[in-house]
Amino acid sequence: MNNAKRSLANLLLGVVTCVLLIGFSTTPTLSRLVTPAAMPPGSGGDTSAVMAQGMSNQMMQRYAAPLINASVVPNAPSTPAMGVAEASLMGNRLTVRGSFMGLSSPLRDYAIDPVNPPNPKITSAVHIHRGDNTQNGPFQYALTVMRDQTGMGGKFSGDYTLTSEQLQALTTGKLYVDIHTKQNRAGELRGIFRPL
């Protein structure tokens, strides 16, 4: 029975990934899913600002990460949630935007439920980590989150200058986004950035 569930999950993952990649390849940014007006000021989610600084579109590399429960390790939680993250890399500058919906519970609040030992850099429940897809890797960045009215969905964004180690991780498929909730403290959704 577990093999049948795993096969069905893999099939669903394949279909979702194909749909997302086709959608990303036909749109210049994730702006149709995540509008710049909905992003917090200074979140860095608008690639037009980078373009205005004289950088050409040919120098930008785009990445996508479908966020699904089957990618969470070591155990995939049961959840109807889904999401997507999109990233643009220009030089060593990474701009990330995305959205999620259908969480099983509210986002984990690290102010009242911190990691042990505490990490003051973990300021939200949506993170970027570095590591293989079969293991949990070290925390890299917290993303800015804007929840919707239900609290079970929303948008996230961030703008970061990557180290050479983080750049290497991104280009080798070892930089991922995960979302943590109260019910699934270790992670409810996860997705590795892959080039488009």
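Per-atom-type breakdown for region 102-193 gives carbon and sulfur 50% of the accessible area (1.4 Å probe, protein chains only).
Listed values for region 170-179 are Karplus-derived 3J(HN,Hα) couplings in whole Hz (6.51 cos²θ - 1.76 cosθ + 1.60, θ = phi - 60°), namely 4, 6, 9, x, 10, 10, 9, 10, 9, 10, and x replaces Gly and Pro. Residues whose amide H comes within less than 5 Å of that of T181, counting only those at least five positions distant or on another chain, are R108, G187, E188 (H built at 1.01 Å from N in the peptide plane). For region 115-196, the solvent-accessible area with a 1.4 angstrom probe is 50 square angstrom per residue. Under 5 Å from the amide H of D148 lie the amide H atoms of G153, G154, K155, each residue being 5 or more positions distant or on a separate chain, with H modelled from the backbone and absent for Pro and chain starts. In straight Cα distance, which aspartates and glutamates are under 16 Å from K182, not counting same-chain residues fewer than 8 positions off? Those aspartates and glutamates meeting the cut-off are D109, D113.
The values are calculated or read from the model by the stated rules, or taken from the named source; none is laboratory data. Keep in mind the model is a prediction, meaning the values are calculated, not measured. The area values use the complete protein model at the heavy-atom level, side chains included, leaving out ligands, DNA and RNA. Shrake-Rupley method; radii C 1.70, N 1.55, O 1.52, S 1.80 Å.
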